[in-house]
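The structure appears right after this line, and notes come after that.
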């Protein structure tokens, strides 16, 4: 396995470029009811990416209940047109921040939240990235971005190149 070192800033920029233009992610949680894995599509909010992904969610949804039981989640992004596939592991946080909601809001979201920003069930989900794997070419190689949390402390992210 070939090892390389990137700064956290470089790894964040690379991950941002990989998911740029991908509108939806599948978010996988551990079900609070029966401990099975559950995946749901969410619309990625196009904020300036700094190592966190943002989504709008309903506070009363089963998704949020699952996250309250176990904050570890996985996000899967796919863009078959460019052969880019990304799997991200991280920690999910429920956020109620009106200023951030206003920053991220777009009219498309009215389909899910008819009352807009005034909807009492509206919340944000912030997924803080811990690691990411991506496949970015037809060559079927996987590259792993490891340790976003460690990168914050040490200022670098290790990358590994593996055949899948």
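Working from label points 7 Å from Cα in the Cα-to-Cβ sense, the residue 79 to residue 46 distance is 1.1 nm. Were the residues from residue 118 through residue 23 laid out at 0.36 nm apart, the gain over their Cα-Cα distance would be 31.8 nm.
Taken together, the values in this text are just the output of simple stated rules run on the coordinates, not laboratory data. This one's a predicted model, so the numbers in the text were calculated from it and none came from an experiment. Reconstructed Cβ throughout: ideal geometry from the backbone, glycine too, with neighbour counts over all protein chains shown.
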